[in-house]
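The structure appears below as structure tokens.
The values are calculated or read from the model by the stated rules, or taken from the named source; none is laboratory data. This structure is a prediction, so every number in the text was calculated from the model and none was measured. Cβ sites come from the backbone with ideal geometry, for glycine too, and all protein chains shown count toward neighbours.
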Amino acid sequence: MSSQLSQGSLEIIMNGGHYDKPIMQVLGSKKIQGSGANERFRLLVSDGKHSHSFAMLATQLNDKLITGELSDYSVVQIDRFVTSLLKNTGKGEKRVMIILDITIIKPGSEVGKKLGNPQTWTEETAASAPAQTTMQPAPKVAALPTQSANQVTSMDTSSLASQMTHPIASLSPYQNKWVIKARVMSKSPLRTWSNAKGEGKLFSMDLCDESGEIRATAFRNECDKFFDMIQVDKVYYISRCQLKTANKQFTSLKNDYEMTFNADTVVSECQDDASSVPTIKYDFVPINEIADKATDSLLDVIGVCRAAADVQELTARSTGKLLKKREVTVVDSTGGAVSLTLWGNEAENFDGSTNPVVAAKGARLTEFNGSKSLSCLASTMIRLNPDLPEAHKLRGWYDNGGDKMDVVNISARTGTYGGGSNEWITFSEAEAKQLGSGDKGDYYSMLGVLTFTFTDNAVYKACPQEQCNKKLVDQENGLFRCEKCNREYPNFKYRLLLGANVSDPTGDQRITAFNESAEAMIGKSSADIGRMFEYDKTGYTALFEDIKFRTFVFKFRTKMETYSDEARLKTIVVSAQPVDYKDGNARLLKSIKAVTGVEV
DNA sequence: CCCCCCCC
């Protein structure tokens, strides 16, 4: 019975030797860390002669355990593995085996029992064998079979390359003597920061090898030292970094840790054959499953670009920065479609005319008024027509009728949730939907009447800087001071900030209209209104009397805010347009029909 | 030590 197992292979492997594709039995598994996509499992395996529990499953194989495919008593062939000697474990050195590829020869349900009578393999068992160290000189390594790509086989003069490397999956903060051989999947631009704690610069890179992936960040001095050297797609030997727990909010990489370069960090480019180090690792989510994922999570997705909108320019509300975006709709053979938003240069340079396959790693799932879409972050990797099996499959599918498939677009904005669509709702409906209670604020459109305007401070002298609209302090000496820019100006620009009440048949709402929307409502430029405020008070007052009781199609952004312990809705006019009564009547007829069921 | 990543 136990003869089908590779008896004695465990002993060889645990002593640092190699055994080609050993056949073992799984006797148990245990989760040792993490959760969700980042959990890691330890296996108890037996070769019929010995058993040991220092085998770890590379995270990309987790599914086999979770789905039950890799059940206890399964007989498996370990197609690919690496071993790593852990130090500082409290009990001296300990070798772990990381399983990279596995074939299930016989499922546990068919085997149903432990094969043979394996004895627990201990470090004492190992003591009888020649001692192995973590840092093996090249000749010794070269003497081993080269099944594992993580072993350097050539006689390299570089001191780093002459050592045995460690799989990324084995790195942890509890162990600092390691060298990894990793490919750079992506590299961020150099960025500076400045906050209460200080300022500095940094860049980060995402690294991978056969066993896993990890993010590394370099700060300040290390930026100067390594930024130019690190190039995407190249393979490097890296050692001596600090390891710390990764914040999952900012990375989709499957690793519980991330690395920080420090003064001791050594990086050298791998000059020999690195073709076995993978280029990039994806965990693609089928498009029809994206909507089930948590908002704000980072996902990998691949699809064919079915449509690409034009580049849109907009100004970021929070920073005043000018932004460029392009929405690309991607589809896959699941019949799902999702919008992927590209930013900046990526948005400008994108060409969707040839319907390229788009692969994104680490795109953020965002929700806007009930529909979900993906948005690229600075750390998102986008590749067009990548040389991946999934991409070739999609190409074939799309070019052979897939383009004509009916799709469900999870980013479609019509219908579902009154607010975000073009649908008009009432104040009482907005209240019933509790619009404004979320973190991000909600948008809705409605037909409303302007019933009152607060005219006293509707116009103010604002900072003349392009993106700064801060109210200036009159220094009474011909100069105006901007507290935000921290400087004085001889000039200013007029801007509007109009408080008003809007009513509809169901209620009323205090609203605020900033410059552009207030100009649209009044029908005059802020410069003209400012001049009237200074030199023609009667005309100024008349402007606001004129617009009182006028009806507009308003688009509002509303959000609950707290002022001195009191929560109230802050509702801002995104746009105010005159009513197109033909459209208004069509909407009215439609809602009459919806309410009464009568064709009108 | 960053962690901002935008808009409808």
Region A:179-203 - residue that is touching a Cys at 6+ places or on another chain (Cβ under 8 Å) and more than 16 Å from residue A:237 (Cβ to Cβ) and, of those, farthest from DNA strand B (Cβ to nearest atom): A:185
Qualifying position, being assigned to a strand (DSSP E or B) and more than 10 Å from DNA strand B (Cβ to nearest atom), among A:233, A:224, A:206: A:206
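Consider residue A:283 carefully, then state whether it is closer than 25 Å to residue A:355 by Cβ, surrounded by fewer than 17 Cβ atoms within 10 Å (Cβ to Cβ) and away from DNA strand B (no atom under 16 Å from the Cβ). Outline the logic, then answer.
On the way: closer than 25 Å to residue A:355 by Cβ: yes; surrounded by fewer than 17 Cβ atoms within 10 Å (Cβ to Cβ): yes; away from DNA strand B (no atom under 16 Å from the Cβ): yes.
Judged against the criteria, residue A:283 is a match.
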Evaluation of residue A:387 against (1) under 30 Å from residue A:284 (Cβ atoms); (2) touching a strand residue (DSSP E or B) at 6+ places or on another chain (Cβ under 6 Å); (3) modelled with pLDDT of 90 or more; (4) of a type outside the set (A, V, I, L, M) (one fails), failing number: (2)
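I want to confirm something. Restricting to region A:565-586 and keeping residues that are within 39 Å of the chain's Cα centre (by Cα) and over 19 Å from residue A:501 (Cβ atoms), which single residue is modelled with the lowest pLDDT? Steps first, please.
To start, the set of residues in region A:565-586 that are within 39 Å of the chain's Cα centre (by Cα) comprises A:565-577.
Remaining after also requiring over 19 Å from residue A:501 (Cβ atoms): A:565, A:567.
Numbers: A:565: 82, A:567: 85.
Only one residue fits best here, namely A:565.
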Selection count where residues are touching a residue at least 12 places away in the same chain (Cβ under 8 Å) and either part of a helix (DSSP H, G or I) or within 16 Å of DNA strand B (Cβ to nearest atom) (or both), scope region A:547-600: 18
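Considering only residues that are surrounded by 15 or more Cβ atoms within 10 Å (Cβ to Cβ) and either polar (S, T, N, Q) or assigned by TED's automatic domain parsing to the domain that holds residue A:578 (or both), which ones fall in region A:463-478?
Step one: list which residues in region A:463-478 are surrounded by 15 or more Cβ atoms within 10 Å (Cβ to Cβ), which gives A:463-465, A:469-472.
The answer is A:465, A:469.
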Selection within region A:328-387 - more than 10 Å from DNA strand B (Cβ to nearest atom) and hydroxyl-bearing (Ser, Thr, Tyr): A:329, A:333, A:334, A:353, A:354
Hits in region A:215-243 (condition: of a type outside the set (Gly, Ala, Ser), modelled with pLDDT of 95 or more and under 21 Å from the mean Cα position of the chain (by Cα)): A:215, A:217
Any pair with Cβ under 7 angstrom, 6 or more apart, that starts in region A:199-213 at a residue that is not assigned by TED's automatic domain parsing to the domain that holds residue A:179 and ends at one that is part of a loop (DSSP other than H, G, I, E, B) and away from DNA strand B (no atom under 14 Å from the Cβ): none
Subset of region A:241-280 [crowded, with 17+ Cβ neighbours inside 10 Å, part of a loop (DSSP other than H, G, I, E, B) and within 16 Å of DNA strand B (Cβ to nearest atom)]: A:246, A:251, A:252, A:253, A:254, A:255, A:256
Condition broken by residue A:387, with the remaining ones in (1) surrounded by fewer than 16 Cβ atoms within 10 Å (Cβ to Cβ); (2) of a type outside the set (S, T, N, Q); (3) assigned to a helix (DSSP H, G or I) satisfied: (3)
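One residue is enough: does region A:198-205 have a residue meeting the conditions closer than 30 Å to residue A:359 by Cβ and in contact with an Asp or Glu (Cβ under 6 Å, 6 or more places away or on another chain)?
Step one: list which residues in region A:198-205 are closer than 30 Å to residue A:359 by Cβ, which gives A:201-205.
Now restrict to residues that are in contact with an Asp or Glu (Cβ under 6 Å, 6 or more places away or on another chain): none.
No, region A:198-205 contains no residue that is closer than 30 Å to residue A:359 by Cβ and in contact with an Asp or Glu (Cβ under 6 Å, 6 or more places away or on another chain).
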Entirely in region A:15-86, the strands (runs of 3 or more DSSP E) that have 1 or more residues that are acidic (Asp, Glu) and at pLDDT 85 or above: A:75-86
Restricting region A:209-221 to residues that are near DNA strand B (Cβ under 9 Å from one of its atoms) and polar (S, T, N, Q), the residue that is farthest from residue A:58 (Cα to Cα): A:221
Residue check, residue A:296 surrounded by fewer than 19 Cβ atoms within 10 Å (Cβ to Cβ), outside any loop (DSSP other than H, G, I, E, B), in contact (Cβ under 8 Å) with a residue 40 or more places away in the chain and among the acidic types (Asp, Glu): no
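Can we say residue A:238 is surrounded by 15 or more Cβ atoms within 10 Å (Cβ to Cβ) and farther than 23 Å from residue A:101 by Cβ?
On the way: surrounded by 15 or more Cβ atoms within 10 Å (Cβ to Cβ): yes; farther than 23 Å from residue A:101 by Cβ: yes.
Here the answer is yes, as residue A:238 does meet what is asked.
Name the one entry in A:562, A:596 that is surrounded by fewer than 14 Cβ atoms within 10 Å (Cβ to Cβ), more than 23 Å from residue A:456 (Cα to Cα) and within 35 Å of the chain's Cα centre (by Cα). Full working, then the answer.
Values: A:596 fails: within 35 Å of the chain's Cα centre (by Cα).
From the options A:562, A:596, the qualifying one is A:562.
Taking region A:304-327 as the search range and keeping residues that are acidic (Asp, Glu) and more than 9 Å from DNA strand B (Cβ to nearest atom), which one is farthest from residue A:352 (Cα to Cα)? Steps first, answer last, please.
Going residue by residue through region A:304-327, those that are acidic (Asp, Glu) are A:310, A:313, A:327.
With the extra rule that they be more than 9 Å from DNA strand B (Cβ to nearest atom), the set shrinks to A:310, A:313.
Values: A:310: 10, A:313: 18 Å.
Ranking the candidates gives A:313 first.
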Test: residue in region A:518-539 that is surrounded by fewer than 19 Cβ atoms within 10 Å (Cβ to Cβ), in a helix (DSSP H, G or I), without any contact (Cβ under 8 Å) to a residue 60 or more places away in the chain and within 16 Å of DNA strand B (Cβ to nearest atom): yes
